[in-house]
1. Consider the range B:521-537. How many of its residues are surrounded by fewer than 16 Cβ atoms within 10 Å (Cβ to Cβ) and under 27 Å from B:D415 (Cβ atoms)?
2. Working only within the range B:740-754, note down all residues that are surrounded by fewer than 23 Cβ atoms within 10 Å (Cβ to Cβ) and either under 15 Å from B:L370 (Cβ atoms) or not charged (D, E, K, R) (or both).
3. All but one of (1) over 26 Å from the mean Cα position of the chain (by Cα); (2) not in a loop (DSSP other than H, G, I, E, B) hold for B:I754; which doesn't?
4. List the strands (runs of 3 or more DSSP E) that sit entirely inside the range B:832-899 and contain at least 1 residues that are surrounded by fewer than 23 Cβ atoms within 10 Å (Cβ to Cβ) and out of contact with any strand residue (DSSP E or B) (no Cβ under 6 Å at 6 or more places or on another chain).
5. Check off (1) buried (at least 21 other Cβ atoms within 10 Å of the Cβ); (2) facing chain B (nearest Cβ under 7 Å); (3) over 28 Å from the mean Cα position of the chain (by Cα) for A:L485 and give me the number that stays unchecked.
6. Being more than 7 Å from chain B (Cβ to nearest Cβ) and farther than 19 Å from B:I203 by Cβ is the filter here; which residues of the range A:488-502 pass it?
7. Test A:A418 against the stated conditions and say whether it is without any contact (Cβ under 8 Å) to a residue 24 or more places away in the chain, closer than 30 Å to A:Q352 by Cβ and touching a helix residue (DSSP H, G or I) at 6+ places or on another chain (Cβ under 8 Å).
8. Would you tally the residues in the range A:254-294 being under 27 Å from B:A74 (Cα atoms) and free of Cβ contacts under 8 Å to residues at least 12 places away in the same chain?
Amino acid sequence: MAEVHTVYVPRDTTACSLGAEAIAQQLGRHLAMHSPDCRLVRNGSRGAFWLEPLLEVETEQGRLAYGPVTPEQLPDLLAAGLLAGTTEHPLYLGPVDDIPWLRRQQRLTFARAGVTDPLSIEDYRTHGGFVGLKKALSMTPQALVDEVKASGLRGRGGAAFPAGIKWQTVLDAPADNPGNPQSGRKFIVCNADEGDSGTFADRLVMEADPYMLIEGMIIAGLAVGADYGFIYLRSEYPLAHQVLQEAITRAEQAGWLGADMQGSGRDFQLEVRLGAGAYICGEETSLLDSLEGKRGMVRAKPPLPALKGAFGQPTVVNNVLTLAAVPWIIDQGGQAYANHGQGRSLGTMPFQLAGNIERGGLVELAFGPTLRELVEDFGGGTRSGRPMQAIQVGGPLGAYLPAAQWDTSLDYEAFAEAGAVLGHGGVVVFDDTVDMAQQARFAMEFCMVESCGKCTPCRIGSVRGVEVIDRIIADDNRAAQLDLLAELCDTMEFGSLCAMGGMTPNPVRSAVEHFPDAFGVTPESSAGAA
Amino acid sequence: MLNYFDPKTEHTGAGSAIDWTRDYGTPAVDSDVQVSLDIDGVAVTVPEGTSVLRAAALAGINIPKLCASDNLEAFGSCRLCAVQIDGRRGMPASCTTPVAEGMAVTTQNAALAKLRRNVMELYISDHPLDCLTCPANGDCELQDMAGAVGLREVRYGFSGENHLQAEKDHSNPYFSFDPSKCIVCSRCVRACEEVQGTFALTIDGRGFDSKVAAGQDEPFMDSECVSCGACVQACPTSTLMEKSIIDEGQPDHSVVTTCAYCGVGCSFEAEMKGDKLVRMTPWKGGDANHGHSCVKGRFAFGYATHKDRLREPMIRDSIDLPWRAVSWEEAIQFTADRIRDIQTRHGRDSVGGITSSRCTNEETYLVQKLVRAAFGNNNTDTCARVCHSPTGYGLKTTLGESAGTQTFDSVMKSDVIVVIGANPTDAHPVFASRLRKRLRQGASLIVADPRHIDLLKTPHMGEGIHLPLRPGTNVALINAMAHVVVSEGLEDEDFVSRRCDPEAYRQWREFILLEKNSPEHMETITGVPADSIRQAARLYGEAGNGAIYYGLGVTEHSQGSTMVIGIANLAMATGNIGREGVGVNPLRGQNNVQGSCDMGSFPHELPGYQHVGVPEVRARFSAAWGVDIDPEPGLRIPNMFDAAIDGSFKALYVQGEDIAQSDPNTQHVEQALTSLECLIVQDIFLNETAKFAHVLLPGSTFLEKNGTFTNAERRINRVRKVMAPVAGKEDWEVTQDLANALGYPMHYSHPSEIMDEIAQLAPTFTGVSYDKLERLGSIQWPCNEAHPDGTPTMHEDSFPIGLGRFGLTEFVETEERTNRRFPLLLTTGRILSQYNVGAQTRRTDNQVWHDEDVLELHPHDAEERGISAGDWVGITSRAGDTVLRARISERMQPGVIYTTFHHPGSGANVITTDNSDWATNCPEYKVTAVQVEKVTEPSSWQQRHQTFGRRQWQYLEQASDA
């Protein structure tokens, strides 16, 4: 067999935490000594984390995959002929494109993830990058907004607000604001404060395909008349930070970003600002406060950020995934995107399988399949091998779904009907050893730790919630405490300023309702809390 | 019988039905668009942008609330003000929900009641249950709301996590911080930011750990807190509470009156228990302050009942003799006899009087009337001589009226704000807060000052330019700015051609374009880079609305009047006169500087700035007063001193001024005072001047009398009596008694009658009366037939002199120059916590911030002389020398040193010289050439002063003992 010319080792936070960095170093030394003509490319991850570190070699048959490879296994793999594209080693997985877990996905947004060198503009363009932007530069703002409207794209951060309508609001918003030094400007803010438990799709975009996000933000700017964008990035993503900074510099140097982009006469500047470790700063108004250098506190709405956002000016605040979907939509047309999915849930959703799961990673699917299909067919059940007990979808504020609800279709409306949320697409699986009363308690505790402290129901309610659940668990006046918990949940839902306090009752109520045994209640006595 | 004003029953505020004792939840909104909605079945129409909470309050529907207050932007944290709106989901907070046309709002139903009760239950689960012993008992919004929502139990119990053990902070002398009572509504934090603009407070921690913290979580006194009281005012519980209330309990009644400190003229509610003042609360209905305050007006009122107050009249034949306490009758007769005797022996002109900028308009009017009608001469002057006399001269010459052109609120419409020789964050703090608010909204700031004043450090402001000029070079700077405006075509030609005298303008334009006035030429004189001056001039010249504010750093110079003219020239040339947002604004130092000038205190002007030399004017006054008016202007204060030393001026009646401390060249003043045969001092304390007196007439504080003050924006505000005068008489009564004893009859029974007389004689006051003041709250003069409700903005259509007159402003260097012997320039000023000569503030806990005057100098000058922080340094000028402790400060520029004169023993004015403004004799306090060196003991003057002072206090004590 002929020597291969290119080896891929992912430079991705998950892969690196599993040894990819050590592998890349060993491999680099090996190549320098033995195969100087073979190129080592640090690609992004394909999101199949259960196979990371996933090594690929470029052959005439396409890219062949090996994984999961530990640094200790590398010498053996090399000896077995990795660089010749061996098919004999136990870690050999076949051609990457044939891996069913990947092949069965519908990758629109994540089509390039793991395929390209994230920082190579050439790679990006070879794989369809900047086609949408090229097109956008010749379109009117209204035409761009219309295209996004036609796509049916909804906010992927969790609130699922139609992106086109938000953009229309910002496009139509007057930016004249006497006295404000920023008067006349509009802003694009990318929410990259990915804080939901079990989520990593934003990170994957930024680490594996950063130009896609940049392209999406530029298009958003062209659509609403903004010439400046901020990526508000959580500080826990140092690699994403590094990649974004480098990508922005390169995009500017290549004339895709900055003044007079591609000779169009249009400008767009982009800046990364880091968060400081607060979950609440993923809430868009807190994010804006933090972005402006203030303490991250939830702002009352109205005014909507679309009208009075960053520095008091009209602002698009969209999640990474929302903006990342835009280049494809402009390239292929809104209708092409809307051809995926069902009902009012159109396009694809990158689900993130985590928790106690056998095959964790990113699964991009058109809306529609059931939760069960996702966790069983793709996820392969629990990693512990024990039966699944509950699934929490949509982050720490999502409901715990019992088996009876696993056939719910992955669709915003179907989930809402089940009292649950899709949120940012995080899916966390729990097996039957988990104490669901403790999980309910955890929901309140999470709120207690992460509340910004502005509104009373969230600030004090979460603390009392923990105490009340503790009393329920300790069977201290249990029935009365369950009633109190139910009322507290109502107070938090109706009284809280933002979704943090308003949605904390979701996991609590669902745990009480679906797993009454965990709270020591017989079905009849649990009626009050449900 | 005390005259109580009960704001609850009176109608205040110009033409509005706003009840200032109520809190409408969110601020009023200005909009031309009216929106109608339905709240609980009541049809309500309010300006667009108004919150549902405020709309309901205006309709008399009180939605429960805790974090909302109508002087703060809506915040939406307490969630008590939740409502339901037809067609909308959930229960939105009414404070953050703006009204919409046709909206139907429900403020009360079972679901809302339950939500509110449950939220309140959460609050109380982390709050002490000590209502009966709590200082806020009876004045606690949390308590009120718990009652309003019907909270009956706390099902969570009280064993959960809480803040009940949080440590108290008593560091501030006036208020305590008890975080165990805090409900984290952020009203204090927001008040510190939005109202005061200091940003000293923050919320530290998050979630349940959220707590109010001063500075970097340090005691209030160690933080940037300036003790303005806005946080205390905002607190709905007893977390931030006045120590006076903790000690005394809640007040039982209150009277609205006007602060007697600076020229801002804040309205306060004097809150009383019986005849004891327990709290001063800024009055929301006050048009000058809109419910804000500073550390002086809010807290420093304890002097009124200080043990040092003079409580009985006293006389003596010589200043080397002890005082003799006598009856009012005896003291008045003694005084009258002395004055008549001196006049008999030395002539009618050998006596005179000094009116006070701290007394009321009515009292000031009476003193000058006494001098003119009873003494029979024009030897009347006022302390405005030593502060803003150049303002009177300069503005009258150019614009035709001796007053600032704007309201304070005007600054909220300015785009570029120029501050020259003023330090508003210290000297006019409540106005500074509004200015800073405008700077935060994006207005640009230009500061011309030798020092880097705190205004330049305004948090969250936009563009700021500092022009750090050398003391004494104001005119060079303003000429250079005008040169840029004219040479770069930034003039408002339309305004100039319509509103200004063409010949005067042509001459000025020709003059200002001379190369010698260019920034490049002036750079060597002012020390300010030409580029900076050009940048500043362009900014101002191109501003939509450019406003100039200035203080004593403009007037107290040898060219003070020239500089005022230069400022007016610049404003006219750029068309920045005659509308909101622009103007020329003198910031007056004392509470009634404007009023004392208006009232005819100057020797050449009768009330209303009418010259004594004009026969028709004199004829009117003669007819009203029944005496002939001397046609010759009388002596100015410095002339009085010189004449006293010469022996031609023998008796002086000084009401409420401390010329021995506040006037320049103290040793010269002392020589003059000791030369007098009879010095009559009417004051609340034995001040420095009183130590040289032969008659002591106990004065009354602003709390003890009725009258009016006129602030820097020409606003006439009522001063209302809240307690009886400690010595039995209001100041105007004493002056009246003296007039009667001198044989000139005065028979006023109330200050309102004095105001009626003023209204008859001063054309700008014809429409002013106490009745109208009660009705409107306050009046900005001119108030006459043309402007029956007063005049907020002056010169809108024309100037009182018809066309505005440009004046030539040749820069002439002061004679007070540095040389080898005196290489440094001393400039003087004020600090926040002390007021003027300090007689009042030094007798309060404000002392903790500034218990001695210090000398600030640049590190370079200090190092050259081996001076370290805290060293005693001797300061020597051509006039004298004194000793102060050194403070090393980067606020100074090298070569310039600075001090204050709040403490008499400092002797700051021993150093200042007799140099003065060419037109008005306003002293050149701001420029004195000096040398400084390390020393080990006080100056000889300080030692003499101490010995003399100690003896005079003994004389006073002996009188009390007798």
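1. 2
2. Selection gives B:N740, B:A741, B:L742, B:G743, B:Y744, B:P745, B:M746, B:H747, B:Y748, B:S749, B:H750, B:S752.
3. Every listed condition holds for B:I754 apart from (1).
4. Result: B:881-888.
5. All conditions pass for A:L485, except number (2).
6. Selection gives A:L488, A:C489, A:D490, A:M492, A:E493, A:A499, A:G502.
7. Considered against the rule, which asks whether it is without any contact (Cβ under 8 Å) to a residue 24 or more places away in the chain, closer than 30 Å to A:Q352 by Cβ and touching a helix residue (DSSP H, G or I) at 6+ places or on another chain (Cβ under 8 Å), A:A418 comes out as yes.
8. 3
The values are calculated or read from the model by the stated rules, or taken from the named source; none is laboratory data. Bear in mind that the values here come from a model prediction, so they are computed numbers and not experimental data. FYI the Cβ positions are ideal-geometry reconstructions off the backbone, even for glycines, and counts take in every protein chain you see.
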